1. Contact order normalised by length for the chain, with contacts defined as Cα pairs under 8 Å and 6 or more residues apart; what percent is it?
2. Can you tell me the order of 294-307, 240-253 when each peptide is scored by its average per-residue count of other Cβ atoms within 10 angstrom, highest first?
3. Among rounded, prolate and oblate, which fits segment 52-203 when a ≥ b ≥ c are the square roots of the eigenvalues of its C-alpha gyration tensor, a/c under 1.5 means rounded, and a/b larger than b/c means prolate?
4. Between His293 and residues 5 or more places away or on another chain, which pairs have amide H atoms under 5 Å apart, with H built 1.01 Å from N, and which residues are they?
5. Hey, what do the phi angles of segment 152-164 turn into as Karplus ³J(HN,Hα) couplings, whole Hz, using 6.51/-1.76/1.60 and θ = phi - 60°, x for Gly and Pro?
6. Calculate what fraction, in whole %, of the accessible area of the chain sits on carbon and sulfur atoms when a 1.4 Å probe is rolled over the protein chains.
7. Please give the contour-minus-distance gain from Ser197 to Gln267: 0.36 nm per residue of separation, less the Cα-Cα distance, rounded to one decimal in nm.
8. Write down the percent of antiparallel bridges among all DSSP beta bridges whose residues are both part of the chain, to the nearest 5.
Amino acid sequence: MKILLLNTYDSKGGAAIASTRLWNGLHQAGIEATYLVQEKFASDPNIIGPENNFKKGWGILRPHIDRFPLLFYPNREKTFWSVQWLSGDIIERINAINPDVVHLHWICNGFVPIQALSKIKRPIVWTLHDSWAFTGGCHVPQDCEKFKTHCQQCPQLNSDKKKDLSYRTFNKKQKYWQNLNLQLVAPSHWLANNIKSSTILGSFPVSIVHNGLDLSVFKPIHKSTAREILNLPTDKKLILFGALNPTSDPNKGFHLLQKALRKVATQLSFNTELVIFGTSEPTDSPDLGMKAHYMGWLNDNISLSILYAACDVMVVPSLQEVFPTTAVESAACGTPVVAFDATGLKDIIAHKVSGYLANPYDADDLGNGILWVLSDKERHTQLGLNARNAAVAKFGIQHMAANYISVYQSLLV
């Protein structure tokens, strides 16, 4: 059995991390798996990136060119929105590898055009890491549910025209994808339910496979040791927050965290500090009611695991998350997670068992959750143990690989 995995990047973003971990897990299970990307960052020679310098440069330019149609919507929201119209040689590259199964992951930023999927002559497994595949172009629909009927007058494009870019992109997906030999995979129940209710993908079968991670790397270590390594204070309660662009991406909920921290600060201000990763310290730092440590970008798993273990609680205040890598990694390191009781986080956190699920988008209750986790030492210890045990039971890389192998085998019978 020969599997081909496709993702736009090999190490940039949550989908890249998840697909790379799956690729490693498949190799550990003895499966022949090839990994094809548009832009390669890792040095691993077994990851196939652009074939020469010209194609490497073209791969860097493709995301910018692919966004050209968005220029006709100058008043659009600054959310991530993909068109995927730009043609290329992706089908020729897939055919040259000649896999038994083509496993798509996150394929935007110009990597795989919409029309190309219909030319893939092998069974397709597609793991969705956001909502783009069943919308008219947005990756995070927010409160919009037009994907259940037909996208048009897109609120993120700030469009009042029925036949706008979202309408045309929606139609294009329907046209080219209706006869695909396609098995969908959702990392969470929330996303699976949205897929099933969507017009574009609702007729295709959907499996649920949680993203996994290496539990020998993401594991608890002594908190004081971790803090000494990272030069963090040993006599404070540390609240952790981070992601890719955590303070600038509105979906990551930093504005809600700020409100929650003001509540925490009124009770624990002299004993609690915030740790932020995924961004550098801004020149005009916001008033968070407590000292903040900006860790910048941590690109290796060992540094990340030490950071999770160093902190007392991880807060993931996102509005919509399919299956956030940070929450799983934190749990595996024995650090409880506080988040909203919504979307994919419900699959990771058991309320008041391994963390706290606040009322959706209620910053005051998010603050209650942080205080609840930090206020009782014995309870905090048990929450951390429960979080680690849940990660071991459900989120190991071997568990993920075994589930995907079953999906592949079902397509090759």
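1. Relative contact order, the chain: 14 percent.
2. 240-253, 294-307
3. Judged from the Cα gyration tensor, segment 52-203 comes out oblate (a/c at least 1.5, b/c at or above a/b).
4. Correct list: Leu274, Val275, Ile276.
5. So the J values, rounded to whole Hz, are 5, 6, 4, x, 6, 7, 6, 10, 10, 8, 4, 8, 8.
6. 51 percent
7. That pair, Ser197 and Gln267, stretches by 20.8 nm at full extension.
8. For the chain, the DSSP antiparallel bridge percentage is about 0.
The values are calculated or read from the model by the stated rules, or taken from the named source; none is laboratory data. Every value quoted in this text rests on a predicted model; they were computed, and no experiment measured them. Don't worry about glycine lacking a Cβ; one is built from the backbone with ideal geometry, like all the others, and counts go over all protein chains shown. All accessible areas refer to the heavy atoms of the entire protein, side chains included, with ligands and DNA or RNA removed. Shrake-Rupley method; radii C 1.70, N 1.55, O 1.52, S 1.80 Å.
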